[in-house]
Amino acid sequence: MKILRTKDDLKEAINKIKNLGFVPTMGSFHKGHVSLIKKSKYKCNKTLVSIYVNPKQFNSKKDFANYPRNTAKDLSILKKIKVNFVFIPSTKEIFKEKRLKRIILPKKHKILCAKIRKGHFEGVLDVMDRLIKLINPKYTFMGEKDFQQLFLVNKFIGKKYKNKIFPCKTIRDKSFLALSSRNLLLSKNHLIKAGQIAKHLFKIKLSLKKKNQIHNYLLIKKKDLQKQFNIKIDYLELRNEKNLTTLTKNKKSRLFVAYYINKIRLIDNF
Ligand code: AMP
C-alpha cells in the first residue's frame, strides 16, 4: 500500500491507472467505510482511499477539533484489506489554489442539513471537486448514510467529470444504529438509546404507508420522540429520494432525520 501526502506524489502514483476506484473519507474507520472500500475493490482494478478531515465543512471549530481521528488504526485496516493507495493530504496541499467561482447552493437545495448547517455542503462540494479533479477516478464510492451529501455531490460534481458516483447501502450495528465515526463520541447508554431511536424511526417510516396527513403525523412523532428520548430533533421529514422535494405520498421516499443526543449530532435516513 502506497501512502501519499502530496499532489505530486499522488499524480505520479496513479497517472497510468485507468479503472481507479476512489473512496473519500474523514477517517476513524468502521464497517461502513470498509463496505465502500470492498465495493471499490470489487468493481475497480485499483482503489484509492483518502483520509482528510475537511475544516471547511464544519460549522464550529470545537466540532472540528473533537472529530475522532485515528490514522494509525485506519492505516492498519487499509493494509489488512489490501488497498492500493491512501491519500492523506494537508489542508495547505488541498486548498493551495484559489477557487475562481464560489460554490453557491441554489435555494431549492437549502433544505434538511443544508438549511441548518450553513456552509457545510459548500465545504463538502469544494473539497470533493478538488479531490475528484485531482484523482480522476472512474468511480467514487459514497454512502447512502449521508444521503443529502451523496445527492449534492452527484448533482454538482458527478456530471462535471468522467467519474461516476456509486451509492452504497448504509451499514448498521446489531442494535440497528447506522455506523458513524461520531458514534465514538457517545457513551454506552447513549449508543443503546440511539439504537432504539433508529428502530423507532424505521417503524415510523413503515407506518407512513397507511397515513394521509404525513406532515402533521411527522410533527406529532417528532414531539413524541423528543420527549421520550430526551433528544433535540433538527428535522424529521419525508422526501422524494430522486430530487429531495417534499412528498405527500410515500412512494420512492425516504424519511430523513437529524438529532442531537447529548450534544452529538447524528443523521440517518430510512
Ligand atoms: P465519513 O468518513 O464519515 O466522511 O464517511 C466517508 C464515506 O463513508 C461517506 O461516503 C459516507 O456516506 C460513508 N459512510 C459513513 N457511514 C456509513 C455507513 N454506516 N454505511 C455506509 N456508508 C457509510
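Key figures for this structure:
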quantity	calculated
Two-decimal Rg to Rh for the stretch 181-264 - Kirkwood Rh, Cα set	0.99
Between 0 and 90°, nearest 10: helix 188-207 axis offset from the chain longest Cα axis	70 degrees
Loop-located GluC sites (Glu not before Pro) in the stretch 76-180, at most 14 other Cβ atoms within 10 Å (DSSP)	Glu97
Neighbour cut-off at most 16 other Cβ (10 Å), DSSP loop, trypsin sites (Lys or Arg not before Pro), the stretch 178-239	Lys211
Tensor-based shape of the stretch 2-168 (alpha-carbon gyration tensor, a/c under 1.5 rounded, otherwise prolate or oblate)	rounded
Rounded Å value of the spacing that divides the Cα centres of the stretch 118-148 and the stretch 1-43	14 Å
Distance between the stretch 58-97 and the stretch 198-224 - C-alpha centres, whole angstrom	37 Å
Most to least packed among 5-17, 154-166 [average Cβ atoms within 10 Å]	154-166, 5-17
Surface share of carbon and sulfur [accessible, 1.4 angstrom probe, percent] for the chain	53 percent
Rounded to 5, the percent of DSSP beta bridges in the chain classed as antiparallel	45 percent
Per residue accessible area of the chain, 1.4 Å probe, in Å²	57 Å²
Equivalent ellipsoid semi-axes, the stretch 86-199, via Cα gyration tensor eigenvalues times 5, rooted, Å	29, 17, 15
Cα-projected label distance for Lys115 with Lys61, points at 7 Å along beta-carbon direction, nm	3.1 nm
Cβ-defined net charge surrounding Pro89, 9 Å radius [Lys, Arg +1; Asp, Glu -1]	+2
The chain, helix-only ellipticity at 222 nm - DSSP H runs n ≥ 4, -39,500 (n - 2.57), divided by all residues, nearest 500	-11500 deg cm²/dmol
Karplus 3J(HN,Hα) series, Hz, for the stretch 115-128 with 6.51 cos²θ - 1.76 cosθ + 1.60 (x for Gly, Pro)	6, 8, 9, 4, x, 4, 6, 4, x, 5, 5, 4, 6, 5
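The values are calculated or read from the model by the stated rules, or taken from the named source; none is laboratory data. The structure presented is a predicted model; accordingly, all values stated were derived computationally and were not measured. No Cβ is skipped: glycine too gets one built from the backbone with ideal geometry, and neighbour counts run over all protein chains shown. Keep in mind that these areas ignore ligands, DNA and RNA; they rest on the heavy atoms of the full protein, side chains included. Shrake-Rupley method; radii C 1.70, N 1.55, O 1.52, S 1.80 Å.
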